[in-house]
1. Could you tell me the accessible area of ASP217 in Å² (1.4 Å probe, neighbours in place), rounded to the nearest ten?
2. Taking the alpha-carbon distance from LYS257 and a cut-off under 14 Å, which aspartates and glutamates remain once sequence neighbours fewer than 8 residues away in the same chain are dropped?
3. Going by amide H atoms built from the backbone, whose H comes under 5 Å of the H on VAL240, apart from near neighbours?
4. Of all trypsin sites (Lys or Arg not before Pro) in the range 7-60, which ones are in loop regions per DSSP and have a Cβ with at most 13 other Cβ atoms within 10 Å?
5. What does the extension gain come out to for CYS57 and LYS139, with contour length at 0.36 nm per residue minus their alpha carbon separation?
6. For the range 78-87, take each phi angle, set θ = phi - 60°, evaluate the Karplus expression 6.51 cos²θ - 1.76 cosθ + 1.60, and give the result in whole Hz per residue in order, putting x for glycine and proline.
7. Of GLU157, GLU226, which has the most accessible area with a 1.4 Å probe, and how do the rest follow in descending order?
8. Residue by residue through the range 174-186, which ³J(HN,Hα) values in whole Hz follow from phi under the Karplus form 6.51 cos²θ - 1.76 cosθ + 1.60 (θ = phi - 60°), with glycine and proline marked x?
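The values are calculated or read from the model by the stated rules, or taken from the named source; none is laboratory data. Just so you know, these numbers come straight off a predicted model, no measurement behind them. Note: ideal-geometry Cβ built from the backbone for every residue, glycine included; neighbour counts use all protein chains shown. These accessible areas exclude ligands, DNA and RNA; they are computed on the full protein's heavy atoms, side chains included. Shrake-Rupley method; radii C 1.70, N 1.55, O 1.52, S 1.80 Å.
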Amino acid sequence: MTMPHDTQTSTSVAPQVLLGNHLKALKLPTFAREYEKVALESARDHADYPRYLLRLCELERIERERRNVERRIRLARFPQTKSFDTFDFTAQPSLNKSLVLELSRCQWIDTRHNCIALGPSGTGKTHVALALGLAACQKGYSVAFTTAAALVHELMEARDERRLRALQKHLNTVKLLIIDELGYVPFTAVGSELLFEVFSQRYERGATLLTSNLPFDEWTSVFGSERLTGALLDRLTHHVHILEMNGESFRLATSKKTQRRQAKETNEGDTIT
Ligand code: ADP
Ligand code: MG
């Protein structure tokens, strides 16, 4: 690398430059970005050196935590971001709101319990699963989101490519595994076995959240085997929180509301003209 003509010896390099390098090596980007501004503020407030450093440390930690949450959300592969802020509990009266809010505190993930959301299409199962997944990411848990069909497909592919162990290991290490939409697609015998193994390996080792449009007594139609379904339900429901979502489809209710409003507007229009 060529140096500019007026480069002086390294001892006279501006301390800001050296400091910048050290902070980069120490992975303290917020220190590097904020130290001058915080120094001015601290001088203005007559804050002493420990307080100055404390402010910088706090900023660094806040920023680091924010980046960690973002990374966990990215790794979880949520198809969309949904939270409880946009969930209308009054639209789903069959759902136990206090249980959902309790689950959003994530203690069940520490105790490696499971959660199953059951109900027909459009009742908000995926929304609740995504919101619980997001809450887990925000509280520091690793999460993986997938659908039952995609997971079975991925497992079969991994098996064919002789990397099933690696995928199983990944699935075993996440703190919360969310498997959405069990029930729409029946599995082949091999697919069922592979999915069963996932549940079996996670049993009492990690929390699993499953959503299904089918009541338990119809799960055999998905797995094909009564014996396997029985063994699976046995593990899954040992420590389980069940979210019953048997109300009306939110999509349907919303479109009905829109239609009613439009009809009303048309009628009102009729009277005016
Ligand atoms: P399911 O997975 O049960 O089929 P979804 O969670 O996909 O249903 O819900 C369908 C759509 O309706 C989504 O856009 C979701 O965000 C919305 N939705 C469902 N229930 C509610 C609710 N109670 N409050 C707000 N939005 C809801
Ligand atoms: Mg869904």
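1. Approximately 130 Å² of ASP217 is accessible to the 1.4 Å probe.
2. The reachable aspartates and glutamates, counting only those whose Cα sits under 14 Å from LYS257, are GLU248, GLU265.
3. ASN114
4. Values: sites: LYS24, LYS27, ARG33, LYS37, ARG44, ARG51, ARG55; in loops: LYS27.
Counting only loop positions with at most 13 other Cβ atoms within 10 Å, the trypsin sites (Lys or Arg not before Pro) in the range 7-60 are LYS27.
5. Contour length minus the Cα-Cα distance gives 27.5 nm.
6. 5, x, 8, 9, 10, 9, 6, 4, 9, 9
7. Reading off the accessible areas and sorting them downward yields GLU226, GLU157.
8. With coefficients 6.51, -1.76 and 1.60, one gets 5, 6, 10, 9, 10, 10, 8, 6, 7, x, 7, 10, x Hz.
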